[in-house]
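Please treat every number below as a calculation from the coordinates, not as lab data. This one's a predicted model, so the numbers in the text were calculated from it and none came from an experiment. Ideal geometry is used to build each Cβ from the backbone, glycine not excepted, and the neighbour counts take in all protein chains shown.
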Amino acid sequence: MLLCGILLGAAGCTEDTTGREAAPDGSGGGGDDQPEYDYVTVEYRKWQNGSFNAWSTDGSSETRTVAGMNRFTPVDGYAGTAWGGRLDHGTPTSVTGTEGFFRIAKIDGRWYFLDPDGGAVILHGTQHVRPGSSDEHAASFASRYGSNDRWSRETGELLASNGFNYISYGSNRIERFPDDMRDNLLEPGRQRMAYAENLYLLRTFMWDMTANLGYAFEDGTYNRLVLAFEPTFADYVENLAREKCAAFVGDNRFVGYYLDNELPFVAYQNADDVRGVELKHFLALPDRYRGAREFAEAFMEQEGIASTGAITEADREKFRAAVADHYYRVTSEAVRKADPQHLILGSRLHDWSKYTQGIVQACARYCDVVSVNYYARWQPEDDFLANLVTWSADKPFIVTEFYVKGADASYQGRPYANTEGGGWLVRTQRDRGLFYQNFCLRLLENRNCAGWMHFEYNDGYGGTSDSNKGVVSVEYEPYSDFLELAGELHRNIYPLIDYYDAAR
C-alpha cells in the first residue's frame with residue numbers, strides 16, 4: 001500500500017511494509033481474538049532523597065508500543081499540511097484564536113490546534129533548541145559544526161525527519177530564535193515548525209525587584225506568589241508583556257505564550273508554607289508584603305473566618321484558588337492587551353499544583369490551554385486525565401515536560417551521573433523510546449490532549465548537571481534508537497487517533 005503526501009516533513013510516496021492492510025479506522029488485520037497490546041516491560045530507577053532506588057518494573061510491565069498493537073496497522077506517511085496537520089477533519093467547533101494564526105478547536109469531540117493552513121494538528125516537539133552553554137558543548141559544537149548556520153540546518157533537518165513539529169528557544173528572558181538560525185529551524189525543507197516561548201512574568205518581576213523596588217525578594221522565606229499582590233506588579237507585567245510580545249506579533253509560526261513555569265501554588269501534601277500557597281502564611285507576612293497580607297485578611301472577612309484557629313482544609317483550598325485566580329487574571333489580561341493574535345498556554349503546572357482542582361480551574365478560566373509538567377509517573381494516570389478534562393471545562397491540555405534518562409549516556413566515554421532533573425533512569429536509549437511511545441499513546445487516548453513537548457533537545461553537562469535529557473548528546477550525536485521510536489509514533493499520530501476514537 002502506498003501513502004502519498006507530507007507527514008511532518010516527509011515528502012512523496014512511501015510504502016507500508018507491514019504486510020497488513022489497514023481498515024478505514026486505522027485498525028489492522030489482527031482481529032478481536034488477539035489481545036489489543038503485546039506489552040513490553042522496561043526497568044527503571046527513581047532518584048529519591050538524594051540517591052537512586054533499586055531497579056524496578058513496578059507499573060511498567062504494561063508498556064505500550066506502536067509495534068505491539070495487534071489491531072492497528074502502522075503507516076509510513078500521512079497527507080497533511082506543512083505543519084503536520086490533518087486536512088481530513090470535520091467541521092471545527094468551539095474555535096478560539098485569530099484566523100491565520102494558531103487556534104484551538106474541538107473537532108468531532110476531540111481537541112486540536114488549528115494550524116494557519118487550516119489543518120487540525122497535535123503539537124509534539126522538544127524544547128530549548130539551541131547550542132549548549134558548557135565548555136564541553138562549545139568544544140563539540142566547534143568541532144562538529146563551526147557555525148550557527150550549519151548547526152541549525154542540520155538540527156532542523158534532524159527534527160523534521162523524525163516527525164517533530166514544535167520547538168522552543170527557551171531563553172529565561174524571552175526572545176526570538178536568532179536570525180542566523182531562525183529560518184533553518186522553523187522552516188526545514190518543506191516543513192514548517194510551530195514554536196512557543198515562556199514570558200516568565202512573575203519570575204522576572206522577582207528577578208528585577210532590586211532594580212525596581214530597591215530590595216531583593218527573600219526567596220525561600222516567602223512564597224513567590226505574594227509578589228502578585230505588590231502594588232507595582234500589574235503595571236510591571238503589562239509593560240513587560242508589551243516589550244516582549246512585540247517580537248512575536250505577526251508571526252504565524254508562533255503558537256503563543258506560557259505565562260510562567262512551575263509556580264508554587266501547592267506544596268507536596270500541602271505541607272510547606274513556601275512551596276505552596278498557605279492562608280496562615282499570607283496572614284503573617286510583614287509590612288513589606290502588605291498587599292498579599294491584606295488580600296488574605298479580606299478573604300478571611302469575606303468567608304466569615306473568625307481566627308486562624310478556625311481555618312479549615314476547605315478554606316485553605318479556596319484561598320489557593322483565589323490566589324491563582326488573581327495571578328491568572330492579571331497576567332493574562334496583560335498578555336492579551338499586548339498581543340491578541342496568539343494563544344495563552346497556561347503556566348506549566350507541576351507536582352501537586354496540577355492535581356488541585358481550584359488551580360486548574362483558575363488556569364482554564366483565563367488561558368486558552370492548560371499546560372502541565374508531568375514527572376514521577378511511568379505513564380499518565382487515568383483518574384488524573386479524567387480530572388483534567390472536567391476541571392479544564394471546555395479547554396484542551398498539553399503536557400509541556402516529561403522524559404526519562406538513559407544509563408548508557410556518556411561524554412568521551414565517561415558515564416553521566418544522571419542525578420539532575422525530574423526524569424527517572426532507564427537502561428538504554430531504546431528504553432527511552434519505549435517510555436516515550438507508551439506515555440504518548442496513553443495521552444492520545446484522551447480527546448482533550450492537544451499535544452506534548454519532550455524535555456529537551458540537548459543533554460545537560462557541567463558540574464552536577466550531566467544528564468541525559470536530550471535527543472542529542474553533549475557531542476551533538478543523535479540518539480538514533482530513541483529517535484527511531486519517537487519518529488514511528490509521530491508518523492502515526494492521526495491514524496492512532498482514528499483508531500482510538502473508533503473504539504469509543
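See the values below:
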item: In Hz, Karplus ³J(HN,Hα) per residue of segment 499-504 (6.51, -1.76, 1.60; θ = phi - 60°; x = Gly, Pro); result: 4, 5, 5, 5, 7, 6
item: For segment 295-309, Karplus couplings with θ = phi - 60° (6.51, -1.76, 1.60), whole Hz, Gly/Pro x; result: 4, 5, 5, 5, 5, 4, 5, 4, 8, x, 8, 6, 7, 4, x
item: Footprinting exposure proxy for I359, I305, I167 (fewest neighbouring C-beta atoms within 10 Å first); result: I305, I167, I359
item: Projected label distance in nm at S133 and K337, using a 7 Å step from Cα toward the beta-carbon; result: 3.1 nm
item: Cα-Cα over 28 Å, subset of K354/K405; K46/K354; K46/K395; K318/K395; result: K46/K395
item: Loop trypsin sites (Lys or Arg not before Pro), segment 167-209, which have at most 13 other Cβ atoms in a 10 Å radius of their Cβ (DSSP); result: R173, R190
item: Residues listed by number, segment 307-341, amide nitrogen under 15 Å from A246 label point at 7 Å toward C-beta; result: 338-339
item: Cα→Cβ-extended label distance, 7 Å offset, between R329 and D382, nm; result: 3.9 nm
item: For the chain, calculated [θ]222 nm from helices alone, where every DSSP H run of n ≥ 4 adds -39500 (n - 2.57); result: -9500 deg cm²/dmol
item: Percent antiparallel among DSSP beta bridges (both partners in the chain, rounded to 5); result: 50 percent
item: Per-residue Cβ neighbour rank within 10 angstrom, fewest leading, C363, C245; result: C245, C363
item: Percent breakdown of C-alpha pair distances by 10 Å bin, ordered from the shortest bin, for the chain; result: 4, 18, 29, 27, 16, 5, 1, 0
item: Angle between the chain longest axis and helix 357-366 axis [Cα atoms, degrees, rounded to 10]; result: 80 degrees
item: Neighbour cut-off at most 13 other Cβ (10 Å), DSSP loop, GluC sites (Glu not before Pro), segment 148-192; result: E175
item: Cα centroid of segment 62-140 to Cα centroid of segment 150-201, whole Å; result: 15 Å
item: Inverse mean reciprocal Cα-Cα distance (Kirkwood Rh) of segment 199-372, Å; result: 16.5 Å
